[in-house]
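Read-outs throughout are calculated quantities, based only on the coordinates presented, and are distinct from any laboratory measurement. What you see is a predicted model, and the numbers here were worked out from it, not measured in a lab. Glycine gets a Cβ as well: all are built from the backbone with ideal geometry, and neighbour counts include every protein chain shown.
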Amino acid sequence: MSTRVLIVDDHPMIRSAIAVLLQGTDFEVTATAASVETGLEAFAANDPDIVILDLAIPGGSGIEVLRHIRALGDKQPVIILTAAIDDFTLREALGLEVNGIVMKDNDPALLLECLQSVLEGRRWIDPEVEERIVQFGKEGTFTGLTARDRKLVGLVARGLRNREIAEELGVTEGTVKVYLHAIFEKLGVSTRTELAVRVADEGLRF
């Protein structure tokens, strides 16, 4: 049985090239989209096994598609295929548990390698991007957090519960849980108490 792939990219040539690349493999393009809006519609309508997502698409950013998928509590693997990714977007993508990142100027075979790795439950990050992620870690424990992450950490440190945090941020409790899980993964903690202790130990003020 083929692994069903959704491609969200506004360049027809890229979509066609990926479809050709996947011919004869265990992966099959079952749907494509060219914008944030149509990407979300295609995701809801087709329930793909894996999403290949460009960042620069009409209607916003591909990160909005990833954020929406994760806000639903959906764990479907998402691979970012992009020409460029800045540090802020990279940090947010990692916080949203992106499963793979492939740069468009690399060998197409790397996309196949990424797809196979992700299918087997492993994260695959472009080597150049991985070097940047390692550098994030050298900058300090909390520097890899997005502005939203840091605000949420501050609310947790103040003792607010998920319902109160949801009201503060204007999101659902489910979304708060998704965000918190991502922050726990980034910081290597497993409970709210551990997170609060880490904040106190480092003398941080959010």
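Given region 51-136, what percent of its DSSP beta bridges are antiparallel, to the nearest 5?
Bridges in region 51-136 are about 20 percent antiparallel.
Can you tell me the length gained on complete extension of the stretch ALA17 to GLN76, counting 0.36 nm per residue apart and subtracting the Cα distance?
Additional length available on full extension: 19.0 nm.
For region 1-79, state which trypsin sites (Lys or Arg not before Pro) are in a DSSP loop and have at most 11 other beta carbons lying within 10 Å of their beta carbon.
Sparse-neighbourhood loop trypsin sites (Lys or Arg not before Pro): LYS75.
Out of the DSSP beta bridges found with both residues in the chain, what percent are antiparallel (nearest 5)?
Counting only bridges with both partners in the chain, antiparallel ones make up about 10 percent.
Pull up all non-local amide H partners of ILE52: gap of 5 or more, or a different chain, and H-to-H distance under 5 Å with H placed in the peptide plane.
For ILE52, whose amide H was placed from the backbone, the distant partners under 5 Å are LEU6, ILE7, VAL8, ILE79.
Can you give me the angle between helix 173-187 and the longest principal axis of the chain, using Cα atoms only, in degrees from 0 to 90, rounded to the nearest 10?
Taking Cα atoms only, the helix is inclined about 90 degrees.
Would you mind computing, in nm to one decimal, how far apart the modelled labels at VAL171 and GLU128 are, each placed 7 Å from Cα along Cα→Cβ?
3.0
For every other residue with a beta carbon closer than 14 angstrom to the beta carbon of ARG15, add +1 if it is Lys or Arg and -1 if Asp or Glu, then tell me the sum.
Once positives and negatives cancel, what remains is -3.
Could you work out the longest stretch of the chain that avoids the GluC sites (Glu not before Pro) located in DSSP loops with at most 15 other Cβ atoms within 10 Å?
It runs 1-119.
Over all alpha-carbon pairs of the chain, lay out the pair-distance distribution in 5 Å bins, whole %, shortest bin first.
Final binned percentages: 1, 7, 15, 19, 19, 14, 11, 8, 4, 2, 0, 0.
Let's see if you can work this out: charge +1 on each Lys and Arg Cβ, -1 on each Asp and Glu Cβ, no other charges. What is the dipole magnitude of the chain about its Cα centre, in debye to the nearest 20?
The calculated dipole for the chain is roughly 840 debye.
By how many degrees, between 0 and 90 and to the nearest 10, does the Cα long axis of helix 192-201 differ from the longest principal axis of the chain?
Computed tilt is about 70 degrees.
In degrees, nearest 10, range 0 to 90: what is the angle between the Cα axis of helix 109-119 and the longest Cα principal axis of the chain?
Orientation of helix 109-119: about 60 degrees from the principal axis.
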